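The values are calculated or read from the model by the stated rules, or taken from the named source; none is laboratory data. A quick note: this is a predicted structure, and the numbers were derived from the prediction, not measured. Neighbour counts run over all protein chains shown; Cβ positions are idealised from the backbone, glycine included. These area figures cover heavy atoms from the full protein model, side chains too; ligands, DNA and RNA do not enter into them. Shrake-Rupley method; radii C 1.70, N 1.55, O 1.52, S 1.80 Å.
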Amino acid sequence: MAPSTASSGYAVAPAVSAGARVRLLLALSRAAHALLDVATPALGAILCLGGALPPLSVSLLGLLTAGAAYLSVYALNDLVDCAADREKMRWAGGGVEGDYLDAVGVRHPLAQGLLSVRAAALWAGGWGLVAIVGAWRLNPVCAGIFLIGCALEALYCRLLTVSWLRVLVSGVVKTLGGVAAAFAVDPQPPPGFLALFFLWVFCWEIGGQNVPADWVDLDGDAAFGARTIPVRFGAAGAAWLALTALALATAGGALLLGGTAGTSSAPVVWTAAGAAAGLWFLLLPGARLLRQRSPAQAAALFNRASSYPLAMLALVLLGRLL
């Protein structure tokens, strides 16, 4: 259903059924992507414990908290970016649709006028409340990390037309879920583990998420005057930067997997398994993007890289069984 337009020039959300509204709200939070992202804090908790599983009560509360946090933060992104998204879509439409993970359902339903700001804010705030209560119960430090993540996400959005260095903020935000999970299972997680895990997720976010996502939006970003890596460095520069970050992420993931207790009986085998996961989910699609340099290949890299933490989690769990 197409949105109506008020005399002010802003889209007005049309009347829709309850089921359709829920689907729009899930699209606002990029629910399919958020579900995959929950693998990162799950992996952070298990790796912090050396491959052991947290107690069932902690695991269930942690999964609920992580899911709520991602639903809230992704909705917050679209709330803060609403005006910019609307303007970019006016210039270049919705970008790559169909096979692009972040276009599942309806892309930017708030900017399209399919949702009201009030509904979007209540949705984001409701999930945010669930996240902060759950995080506080796990460890008050986790609640603080969640609030920092929300503030940094808003800052990241505001830097859209300021500097391409906002990618560093995005990298930090994406690490915070796993870092919080480590504090949820260990009040004093090992600093060396935290540093390696942080760098691993940071590089994966830049090479496998941020750069390809901005590439998908390249036409609209360029017309809007956004400062992103693809706009600033062009196709070749962005592709090389992404591939470099993905190579570092592959190395970091291999080290994390090889050093996990429960798989330490054959560290070389599990290090190789971690490297193979990085090769399949990160390096091969990254190399294709370098060769073809198209929005479709950027979307393909984003999609496959989004499943990388889940694949790493599956390998860690497999290691416990063998």
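Quick look at the values:
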read-out: Debye log10 I(q)/I(0) at q = 0.14, 0.23, 0.29, 0.30 Å⁻¹ for the range 14-67, Cα point scatterers; value: -0.50, -0.85, -1.08, -1.11
read-out: The chain, relative contact order [Cα under 8 Å, separation at least 6], %; value: 22
read-out: Accessible surface of the chain, 1.4 Å probe, proportion on carbon and sulfur as whole %; value: 70
read-out: Alpha carbon centroid spacing (whole Å) that separates the range 250-322 from the range 127-146; value: 29
read-out: Using alpha carbons only: equivalent-ellipsoid semi-axes of the chain, gyration tensor based, whole Å; value: 33, 24, 16
read-out: For the range 177-322, convex hull volume per residue from C-alpha positions, Å³; value: 109
read-out: Accessible area (Å², 1.4 Å probe, nearest 10) - Ile46; value: 10
read-out: Net charge contributed by nearby residues that have their C-beta within less than 14 Å of Arg86 (K/R +1, D/E -1); value: -3
read-out: Sites Ala20 and Val133, calculated FRET efficiency, Cβ-Cβ separation with R0 45 Å, nearest 0.05; value: 0.95
read-out: Rg to Rh quotient for the range 253-322, alpha carbon positions, Kirkwood Rh; value: 1.09
